[in-house]
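The values are calculated or read from the model by the stated rules, or taken from the named source; none is laboratory data. Model, not experiment: these values are computed from the prediction. Positions of Cβ are backbone-derived with ideal geometry, glycine not excepted, and every protein chain shown enters the neighbour counts. Remember, those area values only see protein heavy atoms, side chains included, never the ligands or the DNA or RNA. Shrake-Rupley method; radii C 1.70, N 1.55, O 1.52, S 1.80 Å.
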Amino acid sequence: MSELKKIYNPNREFAANARIKNMCEYKDLVEHATEDYEGFWDTYASSKIEWMKPYSKVLDESKAPFSSWFIGGKLNVSTQCIDRHLDKRKNKAAIIFEGDRGDKQIITYLELSYNVNRFANLLKNKFNVKKGDRVIIYMPMIPEAAYAMLACARIGAIHSIVFGGFSAEALRDRIQDAEAKVVITADGAFRKTKPYMLKPAVDQALQAETTVEKVLVVERNGEDVEWVAGRDYSYNELIVDESSKCEAEMMDSEDPLFLLYTSGSTGKPKGVQHNSAGYILWAQMTMEWVFDVKENDTYWCTADVGWITGHTYIVYGPLAMGATTVMFEGVPTYPDAGRAWRMVEEYKINQFYTAPTAIRVLHKMGENEPAKYDLSSLKVLGTVGEPIDPPAWKWYYEDVGNSKCSIVDTYWQTETGGHVVSPLPGATPIKAGCATLPLPGIMAEILDPKTGEKVGAGESGYMCITKPWPAMIRGVWGDPDRYVKSYFGDVKKDGKAVYFTGDGANYDEDGYITITGRTDDVINVSGHRMGTAEVEAAIKSHAKVAEVAVVGRPHELKGEGIFAYIVMKGEDNLAEEIELIKEINTNIKQEIGNIAICDDMVFVPGLPKTRSGKIMRRILRSIAKGEEITQDISTLEDPSVVSAIEKCIKG
Ligand code: PRX
């Protein structure tokens, strides 16, 4: 039987204690949501959230696709994550931090409360941050990043985290778009035991005109940094004076909680907006359902807080349910391929959540490493961000999970706030490389983009969600039209625009969904979204580049690699090309960051274009994959360009 068809039955012993125990329970929940959608959500919203004031209505779709949830309800996300646990769990570990160099900290819920309240007071009293103000967080993976997020939530400020690997220019774009008042950063941090810097990028970003008034700097690596008097302040110095009591701001269900910038197929990254109640509800529900974290469990997600996975499944989801979450500053493969498994053994990790890229790298670097450690605490193994290939899946299941753990291949996006398609551990029979079934309450359907009809089993279609759900994106910051165009412009079902994820998908005879990848010009590099337009803009900023087209190509470790076709101004010249590659890479690092460095750059005489001037990316994708060109190229403005490009690649 092919690996893809084989069904791995859930571990019955484990299933007996799971929150959703079997497929009958799953089907009952799906039925409840189908028959009484608002009633379904009401059941959870009323029991999982501690409301300061109850809501009067579950869902308002009158302004669709701008939908609102839990109308009139008041809450504060930081009290969901901290205060309500203090009665029962004040001395329980909320965050276990392991630094890059092996330094450790265990932060209890009481200590978390103390730190977040002081941080909130600092922002409010010293920086005059008010409800609705935007605060940029450009931080390494240290507990202060989580404190900063929760402190913003406590006073009603909207945080926007910028991944620490992004460059000064990328940071500046986000600061300007969000019109931020404050930037929270660190001097730097450690990577593979060596210090690296963050503050200089903030200084550089703020050379442009921005709305930023103050910069708060957390000391992490102790390196010297430039200091702008009146603008830059030391967290370590200011925090000691702050009181550990800060009243939580009463927030409306639909008050924004955070913005997170993500790449789309065109233009600059969009500020995806998530609001308070719906987001935190789904973060908690999916934590409970998908990871089935129990009171005494220790859960570890290896993501960075700069991505949505870090938001929902390192900070908000685990803390909302009162779990113990591990935060790791380092690299799972450093100093050796056993680092991650040593941590699993040491902290007795019960749920481990990572990206297929990391699994592939760990597999390649240390196929037999898991056997050297006691991994018997593991119950659930998660994957996220990209499709997982069957060999990696099998190794994860057999060698890491000892064929005993449930693998949850979680499909979701920055915009969905939390998981939307995923197995339920113990309940869902699993198949390698398959995200399986939509979670209860998520009306996910694979539709034909032309007719809006559901495609048949085995047919390809567009992955859509036909009803709003509580954690869905509420808007693109400052650009309502872009929200409508980006997500509701492609597919209509029964005449009504539905949310389109941007992904292609199919389902099998059991209804199991497999995501086949983006249908747009977004590349998925190591589980991170990269817009081809952004990379192209960075390459084009080089004075010698006339034209460029960027596409994705399969990559053994990263899932997809970045492949750039570049047309130079002037004559071909090999020596110049080598120099140019270096310079273009510098431009990419400056404008975006190392994550956008191209895996391949080829200099070509021209690009395949239609007579109306549109670049035929399908052809470029095929060439990058090494496929034979079977498409009709007769409609190209200059069909000979295809063989010329192929010749350049062979050369
Ligand atoms: O293409 C899908 C892919 O990652 C995209 C979302 O990227 P981002 O917003 O950065 O969030 C990543 C972490 C949630 C999706 O549109 N993707 C995500 N999870 C999976 C996946 N592709 C296949 N299988 C998955 N489990």
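Numbers at a glance
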{"item": "In region 511-559, the residues that are more than 11 Å from the ligand (Cβ to nearest atom) and among the β-branched types (Val, Ile, Thr)", "result": "Thr532, Val535, Ile539, Val545, Val548, Val550, Val551"}
{"item": "Residues satisfying the stated conditions in region 348-392, i.e. among the hydroxyl-bearing types (Ser, Thr, Tyr) and surrounded by fewer than 20 Cβ atoms within 10 Å (Cβ to Cβ)", "result": "Tyr373, Ser376, Ser377"}
{"item": "Selection from region 1-31 of residues that are at pLDDT 90 or above, open to solvent by 70 Å² or more (accessible area, probe 1.4 Å) and more than 26 Å from Ser78 (Cα to Cα)", "result": "Lys21, Cys24, Lys27, Asp28, Glu31"}
{"item": "Selected residue (criterion: nearest to the ligand (Cβ to nearest atom)) from residues of region 393-409 that are surrounded by 24 or more Cβ atoms within 10 Å (Cβ to Cβ) and among the hydroxyl-bearing types (Ser, Thr, Tyr)", "result": "Tyr396"}
{"item": "Unique match (being in a helix (DSSP H, G or I) and either buried (at least 20 other Cβ atoms within 10 Å of the Cβ) or in contact (Cβ under 8 Å) with a residue 40 or more places away in the chain (or both)) among Val202, Val240", "result": "Val202"}
{"item": "Residue identified as without any contact (Cβ under 8 Å) to a residue 60 or more places away in the chain, in a helix (DSSP H, G or I), hydrophobic (A, V, I, L, M, F, W, C) and buried (at least 20 other Cβ atoms within 10 Å of the Cβ) among Leu171, Leu122", "result": "Leu171"}
{"item": "Some residue of region 414-428 being of a type in the set (A, V, I, L, M), in contact with a His (Cβ under 8 Å, 6 or more places away or on another chain) and modelled with pLDDT of 95 or more", "result": "no"}
{"item": "Hey, Glu415 without any contact (Cβ under 8 Å) to a residue 60 or more places away in the chain and either open to solvent by 10 Å² or more (accessible area, probe 1.4 Å) or farther than 30 Å from Lys364 by Cα (or both) or not", "result": "no"}
{"item": "Helices (runs of 4 or more DSSP H) wholly inside region 254-349 that include at least 3 residues being closer than 28 Å to Met23 by Cα", "result": "276-286, 317-320"}
{"item": "Flag if Ala157 is surrounded by 24 or more Cβ atoms within 10 Å (Cβ to Cβ), of a type outside the set (Val, Ile, Thr) and in contact with a Leu (Cβ under 6 Å, 6 or more places away or on another chain)", "result": "no"}
{"item": "Residue in region 434-455 that is farthest from the ligand (Cβ to nearest atom), counting only those that are of a type outside the set (A, V, I, L, M, F, W, C) and in contact with a strand residue (DSSP E or B) (Cβ under 7 Å, 6 or more places away or on another chain)", "result": "Glu453"}
{"item": "Unique match (being surrounded by fewer than 18 Cβ atoms within 10 Å (Cβ to Cβ), polar (S, T, N, Q) and not in a helix (DSSP H, G or I)) among Ser62, Ser47", "result": "Ser62"}
{"item": "Test: residue in region 184-194 that is touching a residue at least 40 places away in the same chain (Cβ under 8 Å), over 15 Å from Asn236 (Cα atoms), in contact with a helix residue (DSSP H, G or I) (Cβ under 7 Å, 6 or more places away or on another chain) and crowded, with 22+ Cβ neighbours inside 10 Å", "result": "no"}
{"item": "Candidates Gly531, Gly606, filtered to the one that is under 19 Å from Glu386 (Cβ atoms) and open to solvent by less than 20 Å² (accessible area, probe 1.4 Å)", "result": "Gly531"}
{"item": "Cβ-Cβ under 9 Å pairs, at least 6 apart or on other chains, region 90-102 side closer than 20 Å to Pro335 by Cα and open to solvent by 20 Å² or more (accessible area, probe 1.4 Å), far side part of a strand (DSSP E or B) and of a type outside the set (D, E, K, R)", "result": "Arg101/Phe190"}
{"item": "Which numbered condition Lys493 fails, given (1) within 10 Å of the ligand (Cβ to nearest atom); (2) open to solvent by 50 Å² or more (accessible area, probe 1.4 Å)", "result": "(1)"}
{"item": "Pairs, first free of Cβ contacts under 8 Å to residues at least 60 places away in the same chain and of a type outside the set (D, E, K, R) in region 506-526, second open to solvent by less than 30 Å² (accessible area, probe 1.4 Å) and in a loop (DSSP other than H, G, I, E, B), C-beta under 9 Å, six or more apart", "result": "Ile523/Ser263"}
{"item": "Pick from region 568-598, criterion outside any helix (DSSP H, G or I) and either open to solvent by less than 50 Å² (accessible area, probe 1.4 Å) or assigned by TED's automatic domain parsing to the domain that holds Ala170 (or both), ranking: farthest from Ile539 (Cα to Cα)", "result": "Gly593"}
{"item": "Gly458 being open to solvent by less than 10 Å² (accessible area, probe 1.4 Å), more than 16 Å from the ligand (Cβ to nearest atom), of a type outside the set (Val, Ile, Thr) and not in a strand (DSSP E or B)", "result": "no"}
{"item": "Meets criteria (open to solvent by 10 Å² or more (accessible area, probe 1.4 Å), within 14 Å of the ligand (Cβ to nearest atom) and either farther than 20 Å from Pro423 by Cα or in contact with a strand residue (DSSP E or B) (Cβ under 9 Å, 6 or more places away or on another chain) (or both)) for Thr298", "result": "no"}
